[in-house]
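One structure is given below, encoded as structure tokens.
Throughout, read-outs are computed from the coordinates displayed, never taken from laboratory work. Computed from a prediction, not measured in an experiment: that's the story for all the values here. Because the Cβ atoms are built from the backbone with ideal geometry, glycine has one as well, and the counts that use them run over all protein chains shown.
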Amino acid sequence: MVRPAAWGIAVTLMAGLAPGLAPVPTARAAELPIDRIRAEVSRLVPPLWTVEEMTADPIPVPAPDGKAAAKTVESRTAVRIAVKLRLAKPTYAVDSRDGAVTFIRPVAEAGLEKTLTATALATLGPNGWSARIELRNPEVLEGIGQPLEELPGRPVLAGSAEANRLRDQIARDAEARGAEEDARRRREEDLLARQAAATKAEEERAAAERRQEDARAARIAELRARIQGADRPARIAAYEAALGGNDPSLRQIALEAALQSRDPVLGNLALKDWIARRKAVPVQLYATKEDPHSETVLNNLGPLTLEIDSVNPVNGALAGRLGAPGYSIAKPSAAVGALAQTTLTVNAYGCALSLRLTEQQTLDGLFRCQTLPALIARVTVD
């Protein structure tokens, strides 16, 4: 129960006097508007209470210092008021809250009676009576709880069957929420663990790749340095080691380095390996400026191809077929050839192909047939 903001109140109680009269009439208790004082006291009573009975008895007017005033003070009077109150509704207090449910306990039953006392000090002035009302025992209105409709949430009487059922339900819900939270936390921890494991595995994989790349870069640098070194046996040994390894890219690097080394022996080894790994070698043909008919022959000859059946890895001898479809003299026929250092010579029926390794990693030379003008020939070593 909330205590009123001020237990003392000053009111003006009109007694039917005309305003503006200078003389102050003599106060008589019989003229005191008791009904108005009672109404003001009733207004101070909270709505939860019903005023059953009210009595007003004159008392001596107290002096300002608390002593009894002289009887000659006729413009002031005092009244002791006793109010019998009855509680209109049962009241309750909040025992506990859980979400939207408020568990309550009873505080007072409807019909509880209390007596509220007050003092009214009235003064008669030119405009009528004015009174100051002071409650003497306001504590009787305190600690009485609240009516049901003023309580927050859904009120349930503590200890009742419904309260026990709701508490059990709340406990089950809390347990379910706890289990769900534990499961969610375990899922998050499992996810974090999987992510951490995946991150670690990725880091290890990346580190292994970096180590492999570093090792491979070191092997490539070492291979290039050895192939480009001044010691021919060391160059040949480095090339053959790369050629016999299981790293195709390292073999390709060794091949390119050997072809660019300008060492005829190393170039010969690289060309023999390159030719041995191919079944057919396309030959690009170009017309010559010396013979004006070479352009016509080039257009009619068609693509020239060297088909390889076998290569001797020791002496570089090869066997296969060589030819182009445009002329009968140049039609594909059996061919034999030899690789002498970095020069490749192939002879077929009526035609011959002679090529030499260049710094541009190509085999350049001429293609000649008995009755046709010579054409420039090129094979790209890739």
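Decide, for segment 259-302, between rounded, prolate and oblate: order the square roots of the alpha carbon gyration tensor eigenvalues as a ≥ b ≥ c, take rounded if a/c falls under 1.5, and otherwise choose prolate if a/b is larger than b/c, else oblate. Could the numbers behind the result be given before it?
Numbers: a/c = 5.82, a/b = 2.05, b/c = 2.84.
Taking the square roots of the gyration eigenvalues as a ≥ b ≥ c, segment 259-302 is oblate.
If the reach is capped at under 13 angstrom between alpha carbons, list the aspartates and glutamates near Lys84, excluding any in the same chain fewer than eight residues apart.
Glu52, Glu53, Glu113
If amide H atoms are built 1.01 Å from N in the plane of the peptide, which residues on other chains or at least 5 residues away come under 5 Å of the amide H of Lys89?
So Lys89 has HN proximity to Gly111.
Find, to one decimal place in angstroms, the Kirkwood hydrodynamic radius of segment 229-282, where the mean of 1/r is taken over every pair of different Cα atoms and then inverted.
For segment 229-282, the Kirkwood estimate is 11.3 Å.
Figure the gain on full extension for Val265 and Val107 (residue separation times 0.36 nm, minus the Cα-Cα span) and round it to one decimal in nm.
Length gained between Val265 and Val107: 45.5 nm.
I need the per residue convex hull volume for the chain, using only the alpha carbons, in cubic angstrom as a whole number.
Value for the chain: 457 Å³ per residue.
If each of Glu162 and Thr55 carries a label point 7 Å out from its Cα toward its Cβ, how far apart are those two points in nm?
Taking the simple label geometry, Glu162 and Thr55 are separated by 4.3 nm.
When the label point is put 7 Å from the Cα of Gln370 along its Cα-to-beta-carbon vector, which residues of segment 324-351 have a backbone N closer than 17 Å?
Only 324, 327-336, 347-351 pass the distance filter.
Taking amide H atoms as placed 1.01 Å from N in the peptide plane, list the residues 5 or more away in sequence, or in a different chain, whose amide H sits under 5 Å from that of Val281.
Leu306, Glu307, Ile308
Could you give the length gained by full extension between Asp231 and Asp382, i.e. 0.36 nm per residue of separation minus their alpha carbon distance, to one decimal place?
Numbers: separation 151, 0.36 × 151 = 54.36 nm, distance 2.59 nm.
Gain on extension, Asp231 to Asp382, equals 51.8 nm.
Taking the mean number of other Cβ atoms within 10 Å as a proxy for protection, how do you rank 133-143, 76-86 from highest to lowest?
Descending packing order for the listed peptides: 76-86, 133-143.
Which one of Leu44, Ser249, Thr358 has its Cα pushed farthest toward the positive end of the charge dipole of the chain, where Lys and Arg give +1 and Asp and Glu give -1 at the Cβ?
Towards the positive end, the residue furthest out is Thr358.
In degrees, nearest 10, range 0 to 90: what is the angle between the Cα axis of helix 232-243 and the longest Cα principal axis of the chain?
The answer is roughly 60 degrees.
Calculate the spin-label point distance for Glu202 paired with Asp182, positioning each point 7 Å from the Cα along the beta-carbon direction, and give it in nanometres.
Calculated label separation equals 3.3 nm.
Cut-off is 10 Å between beta-carbons; in what order do Thr362, Thr55, Thr91 appear when sorted fewest neighbours first? Can you show the working numbers first?
Details: Thr362 17, Thr55 13, Thr91 23.
The most exposed by this proxy come first: Thr55, Thr362, Thr91.
Between 0 and 90 degrees, rounded to the nearest ten: what's the tilt of helix 161-227 against the longest Cα principal axis of the chain?
That works out to roughly 30 degrees.
At 0.36 nm per residue, and after removing the present C-alpha to C-alpha distance, how many nm does the segment from Asp247 to Glu175 gain when stretched out fully?
19.7 nm
For segment 130-136, what does the Karplus curve 6.51 cos²θ - 1.76 cosθ + 1.60, with θ = phi - 60°, yield as ³J(HN,Hα) per residue in whole Hz, taken in order and with x for Gly and Pro?
After applying 6.51 cos²θ - 1.76 cosθ + 1.60, I find 10, 10, 10, 9, 10, 6, 8 Hz.
Taking every pair of alpha-carbon atoms in segment 133-291, give the share separated by more than 23 Å as a whole percent. The partial results should precede the final answer.
Numbers: 9087 of 12561 pairs.
The proportion of pairs with Cα distances above 23 Å equals 72 percent.
Using only Cα atoms and rounding to the nearest 10 degrees, what angle (0 to 90) does helix 248-259 make with the longest principal axis of the chain?
Tilt of helix 248-259: around 40 degrees.
Once all Cα-Cα distances of segment 67-220 are split into 5 Å bins that start at 0, what whole-number percent is in each one?
Values per bin, smallest distances first: 2, 7, 9, 8, 7, 7, 6, 6, 6, 5, 5, 5, 4, 4, 4, 3, 3, 3, 2, 2, 2, 1, 1, 1, 0, 0.
Based on alpha-carbon centroids, what's the gap between segment 200-217 and segment 312-382 in Å, whole number please?
46
So, with +1 on the Cβ of K and R and -1 on the Cβ of D and E, and no other charges, what is the size of the charge dipole of the chain about its Cα centre, to the nearest 20 debye?
Roughly 240 debye, rounded to the nearest 20.
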